[in-house]
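Worksheet: the structure to be examined is printed underneath.
The values are calculated or read from the model by the stated rules, or taken from the named source; none is laboratory data. Not measured: the values here are computed from a predicted model. Cβ coordinates were reconstructed from backbone atoms using ideal geometry, including for glycine residues, and neighbour counts include every protein chain displayed. Protein only, heavy atoms only, side chains kept; ligands, DNA and RNA dropped before computing areas. Shrake-Rupley method; radii C 1.70, N 1.55, O 1.52, S 1.80 Å.
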Amino acid sequence: MKTLLSRLVLSPLKKKIRQPVEAFRRTPSYVDRFELGPWSKAQGLVRERSRTRPAKRLLILPSDPITFQGAKGDEAMMEASLRVIRQTNPGVEVGAITASDQASAIARASGFKPLQNWNRPFSYESIARAVSAFEPDICVVLGADVLDGYYSTPHAARMLLTADLVARTGADVEVLGFSFNSTPSPGLARLFERLHPRVHLNVRDRVSYDRFVAFTSRPAQLVADSAFMLAPTTDSAGVLRIAEWVATRRAEGRTVVGFNLHPMLFRNATREQISALIERSGRVLADAAAERRLSWLLIPHDYRGSLGDDVCLAPIGQALKPKLGDDVFHMTGEFTAAELKGAAGLLDGVITARMHLAIAALGGGVPVAAVVYQDKFRGLFGHFGLPDTLMMAPEELIGGNAFDGFVRDFIDHLPDLRAQVAAALPAVKDLSAKNFGTVA
C-alpha cells in the first residue's frame with residue numbers, strides 16, 4: 001500500500017514541487033545569491049603561493065565526486081591526463097576531491113590522496129581550506145558534460161568556482177575539454193566570466209565551442225577530448241580473450257562489430273522505454289548477423305548499477321545467445337578504460353550510445369555509429385568529418401524500422417569509414433594534446 005501511494009501520489013507531488021525549484025536554479029538570481037555569494041566569502045581563506053616547476057602536486061576534480069570513476073569516460077580522462085602530465089612532472093603527488101567514502105577508497109586505490117571535502121551541505125569555505133592545505137601546483141577539472149548545467153546548475157557552478165579557488169592558490173588549472181549543449185543554464189553565463197585568469201577553459205568540439213562563444217564572453221580554446229590521449233591496454237587476460245574470439249570469428253569470414261546501449265538514453269526512462277530498447281535492438285542485431293555475416297561484441301562502458309549499460313546489454317545478450325551462439329560475446333566483469341579502448345581497437349566497427357566508447361574506438365582507428373542523447377555526438381563526429389546519418393535518436397530506434405537500415409548502412413560502408421577515420425586521427429590527437437598546455 002505504501003509503495004502504491006508513493007507511486008500514485010507522492011512521486012507526482014515531488015515532481016510538481018521539483019520543477020519550479022529546478023527552473024529557479026537555472027536563473028542568474030539563484031547563481032548570484034547561492035553560489036557566487038558564498039564563493040566570494042571563501043576567497044579570503046585561500047593562501048596564494050608561487051607554483052613549483054616541475055609540479056610537485058596535482059589536484060584532480062572529477063565530474064562526479066560521489067562515484068569518482070563510476071563512468072569509464074572519467075577514468076579515461078584521468079588516466080590520459082596522468083600519462084601526459086607525468087612525462088614532464090614525473091614525481092608529482094596526486095590529490096583528488098571526493099564526496100564519499102566510496103570515492104575516497106577508489107582514489108586511494110589509484111594512488112591518489114583523497115580530499116573528502118565535497119560535503120553535504122556543500123561549503124566553499126571547506127573547499128577553500130582543503131585546496132589551500134594541499135598546495136597544488138597544477139589542477140585538472142573533468143568538465144565532461146556537466147558544465148552547461150544540463151544535469152544540475154548548482155553542480156556546474158560548484159565545479160567551476162572550485163576551479164577558481166584552486167587557481168587563487170597560484171595553481172594553473174586546465175578544465176579539460178567539455179561539451180556544451182544548446183540550452184545551457186542562463187545563470188552560468190556571468191559565472192564563467194568571473195573565473196580567475198589561471199582557469200583555462202577547453203571545449204572539446206566545434207559545435208560546443210560555437211555555442212560557448214555565443215553564451216559568454218569568457219575566452220576558451222577548441223580542443224578534442226582528452227581521452228584521445230589514453231594509451232590502450234592490449235595484453236591483459238580479458239582483452240587477450242576477446243582478441244582470440246575476434247580472430248576466430250574473422251577466420252570464419254565474419255565482420256566483428258561492437259554494440260553498446262544504456263538506460264540513460266531517455267531522461268528518467270520508463271520500464272516500457274527500456275524494454276523497447278532491448279527488444280528492438282535484439283531483433284535488429286540478430287537479423288543483421290544473419291544477413292551481413294556479423295559477430296557482435298556487447299561492450300558495457302558504465303557499471304553504475306541501475307544506470308549502467310548491462311541493464312540493456314545483459315538481456316540483449318541472453319536473447320541473442322540461443323540464436324547466434326559464438327557470434328555474440330558479452331563482456332562481463334568490469335574492464336578498465338584502457339582495456340575497453342584496447343578491446344574496441346580490435347573491431348571492424350562500433351555502434352554505441354556512450355560517447356567515450358566512441359572516443360575509444362575512434363582513437364584506435366575504428367569507425368563508429370551512435371545512438372545519441374543530450375546532443376553530444378555531433379561535435380565529436382565533426383572532428384572526423386563523419387556524417388549526421390551515422391547518428392540516430394533513441395526515439396527513432398524504438399519507433400518504426402529505421403534502426404534496421406541504420407545498422408545495415410553502417411556495416412556496408414565500414415571500409416570507406418575506416419579510411420576516413422584514419423586520415424583524420426593525427427589532427428584529432430594534436431587537438432587533444434592542447435588540453436594540457438599549462439599543466440604538462
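Here are some values of semi-axes √(5λ) of the Cα gyration tensor in Å: [x] 37, 26, 20; [y] 30, 26, 21; [z] 41, 27, 18. Which one was computed from this structure? Structure-derived value, by its label: [x].
Evaluating 6.51 cos²θ - 1.76 cosθ + 1.60 at θ = phi - 60° for every residue in segment 386-402, the Karplus couplings come out as 7, x, 5, 5, 8, 10, 9, 6, x, 4, 6, 4, 8, x, x, 10, 4 Hz, glycine and proline recorded as x. For a Förster distance of 45 Å, can you work out the FRET efficiency between the beta-carbons of Asn401 and Ser40, rounded to the nearest 0.05? Once the sixth-power term is evaluated, E becomes 0.20. For the cross-link pairs Lys321/Lys341; Lys41/Lys72; Lys72/Lys113; Lys323/Lys376, the ones whose C-alpha atoms lie over 29 Å apart are Lys41/Lys72; Lys323/Lys376. Taking every protein chain into account, the 1.4 Å probe leaves Asp409 with about 70 Å² of accessible area, to the nearest ten. Heavy-atom surface analysis with a 1.4 Å probe gives segment 183-302 a carbon and sulfur content of 51 percent of its accessible area.
Surface exposure of segment 37-107, expressed per residue as accessible area with a 1.4 Å probe, stands at 41 Å².
Express in nm, to one decimal, how much length is gained between Ser100 and Val21 on full extension, taking 0.36 nm for each residue of separation and deducting their alpha carbon distance. The Ser100-Val21 span can extend by a further 25.9 nm.
Among Ala96, Met331, Val131, whose Cα projects farthest towards the positive end of the dipole of the chain, with charges put on the beta-carbon of Lys, Arg (+1) and Asp, Glu (-1)? Final value for the positive-end residue is Val131. When nucleic acids and ligands are ignored and a 1.4 Å probe is applied, His413 ends up with an accessible area of around 80 Å².
Backbone amide hydrogens, once placed in the peptide plane, bring Leu115 within less than 5 Å of Ala96, Ile97, Thr98, excluding anything fewer than 5 places away on its chain. Each residue was assigned an accessible area with a 1.4 Å probe, and for Lys341 the value is about 10 Å². Taken about its Cα centre, the chain carries a charge dipole of roughly 1360 debye when the Cβ of each Lys and Arg holds +1 and the Cβ of each Asp and Glu holds -1. In a fully extended conformation the segment linking Tyr151 and Ala423 would gain 94.4 nm over its present Cα-Cα distance, using 0.36 nm per residue.
Taking the alpha-carbon centroid of each part, what is the distance from segment 191-247 to segment 122-177 in angstrom? The distance from the Cα centre of segment 191-247 to that of segment 122-177 comes to 17 Å.
In the chain, the DSSP beta bridges split such that about 5 percent are antiparallel, to the nearest 5. Rounded to the nearest 0.05, what FRET efficiency do Lys113 and Ala247 give with R0 = 51 Å and r taken as the Cβ-Cβ distance? Could you check? Once rounded, the FRET efficiency stands at 0.75. 3J(HN,Hα) along segment 336-350: 6, 4, 5, 5, 4, 5, x, 5, 4, x, 7, 9, 8, x, 9 Hz, from the Karplus curve 6.51 cos²θ - 1.76 cosθ + 1.60 with θ = phi - 60°, whole Hz, x for Gly and Pro.
The 3J(HN,Hα) values that the Karplus relation (6.51, -1.76, 1.60; θ = phi - 60°) gives for segment 403-420 are, in residue order, 5, 4, x, 4, 5, 5, 5, 4, 4, 5, 9, 4, x, 5, 5, 4, 5, 5 Hz. Gly and Pro appear as x.
Here the relative contact order of the chain, from alpha carbon pairs under 8 Å that lie six or more residues apart, stands at 16 percent.
Amide hydrogen proximity for Leu298: with H placed 1.01 Å from N in the peptide plane, the residues at 5 or more positions away or on another chain lying under 5 Å are Phe259, Phe329, His330, Met331. Based on the alpha-carbon gyration tensor of segment 273-395 and its eigenvalue square roots a ≥ b ≥ c, which shape applies: rounded if a/c is under 1.5, prolate if not and a/b is larger than b/c, or oblate? Rounded is the answer for segment 273-395, as its axis ratio a/c remains below 1.5. Projected label points at Thr183 and Phe266, each 7 Å from Cα along the beta carbon direction, are separated by 1.8 nanometres.
The amide H of Met392, built 1.01 Å from its N in the peptide plane, has Ala370, Val371, Val372 as neighbours under 5 Å, considering only residues 5 or more places off or on other chains.
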